[in-house]
Amino acid sequence: MANITIKEKNEIIDRYHANPEQTLNILVDLQYASTDGYIDQATAQFIAKRLGVTETRIYEMISFYAILKEESQARYVLKICNSAPCHFSGEPLVSRSLKEILGVNENEITDDGMFLYHGIPCAGACFQSPFIKVKDRVFPNLTAEQISQLISDLRAGRYPAL
Amino acid sequence: MMETKTATVTLTIDDQEVTVPEGMTILDAAAQNGIEIPTLCYLKELAPDGSCRMCMVEVEGGRKGGLVTACSAHAHDGMVIHTQNKKVRNSRRFVLDLLLSNHKLDCFKCASNGDCKLQDYSLEYGMLETSFHGQRQPGKQQDTTNPFFDYDPEKCVMCRRCSLVCQLRQGRDVISIAKRGFGTKMMPAYGEDWDQSICESCGNCVSVCPTGALTSKDQRKFRIWETTKVRTTCPHCGTGCQVDLLVKNNVIVGAEPANGPANRNLLCVKGKFASYKFVASGDRLTTPLIKRQGQFVPASWDEALTLIADKFTGLKQKYGADSLAGFSCSRSTNEDNFVFQKMMRTAFGTNNIDNCARVCHSASVHGLANTLGSGAMTNTIADITTDVDAILLIGSNPTDAHPVIGSQIRQAIQHGTKLIVVDPRKIDLVKDSAMHLQAKAGTNVALINGMMHVIIAEGLADQDFIAKRTEGYAAMRDLVAEYTPEKVAKLCEIEPQQIIDAARLYANAGKAPIIYCLGVTEHSTGTEGVMSMSNLAMLVGKIGRPGCGVNPLRGQNNVQGACDMGCSPFDFPGYQKVANPAVIAKFEKAWGTDLNPKIGMTSTQVLPAASRDEVKGLYIFGEDPIVTDPDTSHVRHALDSLDFLVVQELFMTETAAYADVILPGISFAEKDGTFTNTERRIQRIRQAVTPRGDAREDYKVFCEVATRMGYPMAYDSASQVMDEIAQLVPTFGGVNFKRLENENGLQWPCRTLDDPGTPIMHVGKFARGLGLFMAIPYKPAKELPDDDYPYLMTTGRMLYQYNTRAMTGRTEGINKLANHSYIEINYQDANRLGIQDGDRVQVSSRRGKIQTYAAVGDKIMQDSVFMTFHFTDGNVNELTNPVFDDIAIIPEYKVCAVAIEPINS
Amino acid sequence: MVVRNQAVLTARFNKLQDPTDVETFCQLGGYAGLRKVVEMNKVDVLDELDQSVLLGRGGAAYPVGKKWRNLFYAESDTKYIVCNADEGEPGTFKDMALIANDPLAIIEGMTIAGYVFNSQQGYIYIRGEYRNMHRRLRQALTNARKANFLGENILGIPGFNYDIKIISGAGAYVCGESSALLNSIEGKTGRPRVKPPHLAEVGLYLKPTLVNNVESYANIPVIIREGGAAFRALGTDKGGGTKLVCLTGHVKNRGLYEVNLGTPLHDILYSEKYGGGSSTGRPLKFIHFGGQSGPIGAVEQLDDVAYSYDDLRANELTVGSGAIVVMDDSVSIIDYLTVVAEFFAHESCGKCTPCRIGTMRILELMEKFQRKEAIPGDLEIFETMLTHVTELSACGLGQSVSVSMFSGLRLFPEEFEVAINRQTADQKEVIW
Ligand SMILES: Cc1cc2nc3c(=O)[nH]c(=O)nc-3n(C[C@H](O)[C@H](O)[C@H](O)COP(=O)(O)O)c2cc1C
Ligand code: SF4
Ligand code: FES
């Protein structure tokens, strides 16, 4: 979690009063605040200490919950829905296009470290499939052209909030 | 008469009508009636996990096909249960098939072959292979980095026992159940290697693993069916864990935790992995040795015993009986200790007999006897760690020194107990504690006075208890009136508010025990420190009832017993006083000989007396004072000055090297007898293997010596010795080997054959009648830092080693974890001194100099340093201060002043 | 007075400029339920709920009145109110819609529960993928607090102290299971607990706890306001009220609809007001009801079926979460069920053996069918395996893997039949 300082970590933890009940909130917020998109071991240890629990409990959570990652992610993680409603409503177009454009398989980071795509279960956007979700943002009803446009836009830094 | 009736339910299990208490699970109800239901995840100490699904039984008319997990479902009236019908068996076959489909099937090579529940059940249910040929967990993931055990994920059945035991029973929480679904995997956080994790190698995970996923490294050397199990008591600390030794061909190859009252199926790293290797160690002494021209040469028993008898008899005739002395072994049995002191008092004719409690807990014996009437732990381990509101832990580091008690304290904290730690170091329990009073070493008396000041000032004292059950209150009250939190805080170097908070927490808690250890006793004011504990507990009426009391944790496996057995210059067995002529008369009658009425010298007095040529002959049974006593150079000088020294030992120790005659002793695994643990529980030890070489039963050797010195003595068995103890010691009146077969042992006082023993002392009345308050002014330690020696040094123990390492040091894995001495230095001091973690440093005091490694961190406070006393390289006792508490004559191991300098290579 | 065919749950949707604004919420009937309930006898509240026949909207359709009654009579000084906003069933987004468009309705429902049970603390457990909804909820809570609808002495009633916290999920479908959800709130891994004890006795932090779905809570103010009987009349006698349904798959108008329970299913699929028929031009083939854990129905057999708890149940179908996934005839049942199996294998928490390994073995067998490599006996093995996994699994996840599979098998046996190579001499036997 190279880009977040101890101070920022503390701020996020304090936002939830360092309450172990808020572990997930804290972990999700920390991960979203990072650019590498994961919780490293040092941070897990830090959180454990602040919350007064063991690293093992924190790690178990990180490894269990699909949103939380224990390894460095790409700059942009493109999430595509692989649940049945979407899968049979055009979603394969997205994975096919991404594979073509990015030249990597699912769950692989592109050489430049910019992109990674992977399937997720239903994101509650099934009425907008095919879509790509980046962080909180859904890009709905995509066509093949829109998908390549999105990639170039992301590359060009057109979505600074993501 | 009121009739109390426990509610029961009646149900049918496999056509058998059974009646069991309401609320019992089907699993237990079946077990109680001889019906075994298979389980993989169930552990009786923990709430059912319901994860393996092997224990499925069918309840007629039940929901969802009627299958329920027997481990979690309760028995109800009228239930009709089938544990072995076709449906149930097929379900179990399915579960087994699934497990086998993701399990490495190399039983032939597996260390757990024959000791594996998956294997047993697969055979029982006819599943010799899996019918699935799908995805498996990846191979070649073994982690063999732990020195004692290996982990092979391919053999894990995800029963979760290891993780739950580590988290909820050991309280260490190393093992996560990581990821999920098919990929679920048991592993330390972030999949790090075991030796990189915070694992403390207790091995409890290995003990509960039902398959070969976690196996001890030694397990490769035997198959379980080749071994026999011998139930005995762990030879290390005073917790008194019950263990099963696994014996193959007269060699101990492993140890398993047993369900003893003190350990309830837990062990620590020493008990699990380091309690047996030393027994078969190649360097055991196997034959008597006599020193001839400075060289030890083997001798026959007859030769050696005759020489010993002649020499001691000669010295006795020439210089008087009190020129002789004996140190007894607090690691050996009650029976050995009894016979040893009897030999000293009868054949030798002296009360110069002591044991190593002198240098650890003699202050407890004296301090508690003085104030309460009996010098031992007042409550039981289970009682003070189950369902208590707070624990006041003073000068005790149980997760290192009494690890299984430490685990039980961690469990208590998980269940809501608030822990107050008083310790100059950030011991491991601090991170789970409610508060840490990092009081400077040697200031306990002040601190307790301060807490009592607050309790009295805030009206939290139990005036009713004080009025009815105690005496001496007014003087104590008047004295502590001066000990305001502000004043005390300055002495202890902590915040006044902490004293107030701690006092309130302890006083307001419904149930709160005081637990303490050598941080209280090993001071020049040790006995006073102990009496302060009594003061505090009595002040709030927290003594003589469950979950309370004053509880010293005794150090060695049988140091309680050695004291009980009268290996003390002041006491005959059972603390019957030498100073009391009636006692002398009693023992003269029983033993049919005149006895010396003069109180003897403590071990800490004997050595200086030897240097002064007043003690000429010394018989040391199983002690190593060169390593253990303070100020080593003085000890060496004392031993050198002796005319005749006998050492009876397992190994050639530093002390043994000074002997004129060395006799081979035998270890706990080679003899029958009893140990008394810290909670006064007398428990059996049992012979697992035969003695090495020519070694003989220790008490028989003492009998031979006594007989040759003109006092005939002989016993057929340890049991017979215990019968004599029961006759002579009223508090042991009801103890015999037959009763000790009960797995709970017996807790003294146990006066008659139908006395069940005494878990909690001083109920209703103190052993001494009224509890005695003592007004105790604070006195600083004898040697405090100054310009020349600017650091306050304190000493203690570490988890992996035990005392002089005579036993633990012979287990290879232990030495991998901890093989050299070190000195803990606060990082701020280290910075100033230019010392980095791992650097060699020189440490010196007014008495000596040693070299050791620096361990830099924040465990110890600034201006203080800490060392353990286990290592001969950098033996801290070269530095410690041989000044004594004037009542118990206990040395001030816990405080001396040292200087530190880096060694520039 | 509400009447059929009138929006109830979605009544305020799009009418609130800022859905978190308390004032406009109140102008549109908001907090009328809470104001009314504090005047009522608490036992009467339970009676109204029974009258309403509100069945839990989270999927299990457990009568809300019954659940509240159990908690009401549980003895404890501390009780917790938990809102299940984990919404994990694929094809479901109705809880998200409620949170987005009318969060205060949910908060009002939970506050009513707080009042009835003398609870001090509520929790909304909301799935991690709904992060932008977290902000909305947080804002709504802040606004409610400012207006003293949360906090101390709510509505000026001394001792009516109640507040609500938000806990984020982080991508685990199983956390929708109530006991796993509570573990997750407690800062633990979200694996289900051993039951019994039931959550009404031993729930969050071991205290009696109410867990209801977002939509269930949103219905509470309606019931209090309009009365149980009126609410029931919105639906059928066996299940009152309206239902939010999520239409996805191969229909023209995918999206969220509020329908009266009892509306003809045909209308929902084909009328322009709702689904509008096939989006692909191909005939619709089957419908997956209530999420991945629900059953599948063949479109052609469902002409006369009403969308109600009772009618669906009579056809071995369920309302479940309210998801209605419609597939046209280009989709083979085996392909479809393979994706479903993949979902379960991915979401199994890994605690119990039958689900941890069984879901993987089910998926593998589905893939074998898909490759048409199955051999005689595989079908029997498949069915027996499904039965075992259902009977042996510890929680509703493992227990419901088989639901869609069995209905698929029953509806389209011929598709499975062609997946089996009858030519081969190989033969498999069920050994368990
Ligand atoms: C695996 C699994 C997932 C579930 N997911 C959800 C969910 O996402 N949302 C929900 O409200 N209920 C879910 N449930 C149902 C809940 O366990 C529970 O029945 C419901 O929250 C109770 O609320 P209700 O009675 O208001 O429906 C799930 C159940 C299971 C077994
Ligand atoms: S059925 Fe599946 S999700 Fe439920 S407890 Fe078992 S493994 Fe976990
Ligand atoms: S099924 Fe894909 S978003 Fe819901």
* How many residues, within region C:381-432, are touching a residue at least 60 places away in the same chain (Cβ under 8 Å), outside any loop (DSSP other than H, G, I, E, B) and more than 30 Å from B:C159 (Cα to Cα)? -> 5
* Restricting attention to helices (runs of 4 or more DSSP H) lying wholly within region B:443-510, give those where 1 or more residues are acidic (D, E) and out of contact with any Gly (no Cβ under 8 Å at 6 or more places or on another chain). => B:473-480, B:485-492, B:496-508
* Check on C:A100, of a type outside the set (V, I, T), more than 14 Å from chain A (Cβ to nearest Cβ) and either surrounded by fewer than 18 Cβ atoms within 10 Å (Cβ to Cβ) or not in a helix (DSSP H, G or I) (or both) -> no
* **Count of region A:1-27 residues which are more than 21 Å from the chain's Cα centre (by Cα) and not in a helix (DSSP H, G or I)** => 4
* Structure fact -> By residue number, the members of region A:39-96 that are more than 9 Å from chain C (Cβ to nearest Cβ) and touching a Pro at 6+ places or on another chain (Cβ under 6 Å) are A:G90, A:E91, A:L93, A:V94
* Out of A:L24, A:L30, sole residue that is touching a residue at least 24 places away in the same chain (Cβ under 8 Å) and at the interface with chain C (Cβ under 9 Å from one of its Cβ atoms) -> A:L24
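Going by the structure shown, is C:Y173 within 16 Å of ligand 2 (Cβ to nearest atom) and crowded, with 17+ Cβ neighbours inside 10 Å?
Numbers: within 16 Å of ligand 2 (Cβ to nearest atom): yes; crowded, with 17+ Cβ neighbours inside 10 Å: yes.
Yes; evaluated as a whole, the condition is true for this residue.
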* Structure fact -> Those helices (runs of 4 or more DSSP H) completely within region C:113-232 that have 2 or more residues that are within 14 Å of chain A (Cβ to nearest Cβ) and charged (D, E, K, R) are C:131-146
* To do: Considering every residue within region C:73-89, establish whether at least one is more than 16 Å from ligand 2 (Cβ to nearest atom), more than 19 Å from C:Y123 (Cβ to Cβ), within 14 Å of chain A (Cβ to nearest Cβ) and among the charged types (D, E, K, R).
  => no
* Those residues that are more than 15 Å from the chain's Cα centre (by Cα) and within 16 Å of ligand 1 (Cβ to nearest atom), I need them from region A:109-149; list them, please. => A:G124, A:A125, A:C126
* Asked: Any chance region C:368-380 includes a residue that's within 25 Å of B:M56 (Cβ to Cβ), in contact (Cβ under 8 Å) with a residue 24 or more places away in the chain and within 16 Å of ligand 2 (Cβ to nearest atom)?
  -> no
* Does C:D95 fit the bill of being in contact (Cβ under 8 Å) with a residue 60 or more places away in the chain and touching a Leu at 6+ places or on another chain (Cβ under 7 Å)? -> no
* Does region C:381-398 contain at least one residue that is closer than 21 Å to C:P90 by Cβ and either within 16 Å of ligand 3 (Cβ to nearest atom) or in the same structural domain as C:F286 (by TED's automatic domain parsing) (or both)? -> no
* **Tally, over region A:60-86, of residues that are assigned to a strand (DSSP E or B) and either at pLDDT below 95 or under 9 Å from the mean Cα position of the chain (by Cα) (or both)** => 4
* Checking B:V165 against (1) in a loop (DSSP other than H, G, I, E, B); (2) crowded, with 24+ Cβ neighbours inside 10 Å; (3) among the hydrophobic types (A, V, I, L, M, F, W, C), the condition it does not meet -> (1)
* To do: Scan region C:310-321 and give yes if some residue there is crowded, with 20+ Cβ neighbours inside 10 Å and within 16 Å of ligand 3 (Cβ to nearest atom), otherwise no.
  => yes
* **Scan of region B:29-50 for residues that are within 23 Å of B:Q411 (Cβ to Cβ) and either without any contact (Cβ under 8 Å) to a residue 12 or more places away in the chain or within 16 Å of ligand 1 (Cβ to nearest atom) (or both), ordered by number** => B:K44, B:A47, B:G50
* Asked: Hey, among the residues in region A:122-138 that are more than 20 Å from C:V245 (Cβ to Cβ) and surrounded by 21 or more Cβ atoms within 10 Å (Cβ to Cβ), which one's farthest from ligand 3 (Cβ to nearest atom)?
  -> A:I132
* Which residues, taken from region B:27-42, are buried (at least 20 other Cβ atoms within 10 Å of the Cβ) and more than 13 Å from chain C (Cβ to nearest Cβ)? -> B:A29, B:A30, B:I37
* Asked: Which pairs have Cβ atoms under 6 Å, sit 6 or more apart or on different chains, and link a residue in region C:180-207 that is in the same structural domain as C:Y123 (by TED's automatic domain parsing) to one that is more than 16 Å from ligand 3 (Cβ to nearest atom) and of a type in the set (K, R)?
  -> C:A180/C:R191; C:R191/C:K351
* Find all pairs meeting these conditions: Cβ atoms under 6 angstrom apart; at least six residues apart or on different chains; first residue within region A:129-148 and assigned by TED's automatic domain parsing to the domain that holds A:F88; second residue among the charged types (D, E, K, R). => A:S129/A:E91; A:P130/A:E91; A:K133/A:K79; A:D136/C:R131
* To do: Could you pull out the residue among C:V340, C:V319 that is more than 11 Å from chain B (Cβ to nearest Cβ), within 16 Å of ligand 1 (Cβ to nearest atom), aliphatic (A, V, I, L, M) and not in a helix (DSSP H, G or I)?
  => C:V319
* When you scan region C:259-284, how many residues do you find that are touching a residue at least 40 places away in the same chain (Cβ under 8 Å), within 18 Å of C:L312 (Cβ to Cβ) and either aromatic (F, W, Y) or not in a loop (DSSP other than H, G, I, E, B) (or both)? -> 8
* Does region C:37-55 include one or more residues that are within 16 Å of ligand 1 (Cβ to nearest atom) and of a type in the set (G, A, S)? -> yes
* Asked: Of the residues that make up region B:138-150, is at least one of a type outside the set (V, I, T) and under 22 Å from B:L46 (Cα atoms)?
  -> no
* Just one of (1) under 45 Å from the mean Cα position of the chain (by Cα); (2) more than 14 Å from every other protein chain (Cβ to nearest Cβ); (3) assigned to a loop (DSSP other than H, G, I, E, B) trips up B:G61, so point out which. => (1)
* Asked: In region C:337-346, what residues are surrounded by fewer than 24 Cβ atoms within 10 Å (Cβ to Cβ) and within 14 Å of ligand 3 (Cβ to nearest atom)?
  -> C:V339, C:E342, C:H346
* To do: Just need a number here: residues in region B:367-400 that are buried (at least 24 other Cβ atoms within 10 Å of the Cβ) and assigned to a helix (DSSP H, G or I).
  => 7
* Regarding A:I80, is this residue among the β-branched types (V, I, T), under 22 Å from C:F344 (Cβ atoms) and either touching a Phe, Trp or Tyr at 6+ places or on another chain (Cβ under 7 Å) or more than 12 Å from ligand 3 (Cβ to nearest atom) (or both)? -> yes
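The values are calculated or read from the model by the stated rules, or taken from the named source; none is laboratory data. As the structure is a computational prediction, the values presented were derived from the model and not from experiment. Please note: Cβ atoms are built from the backbone with ideal geometry, for glycine as well, and neighbour counts cover all protein chains shown.
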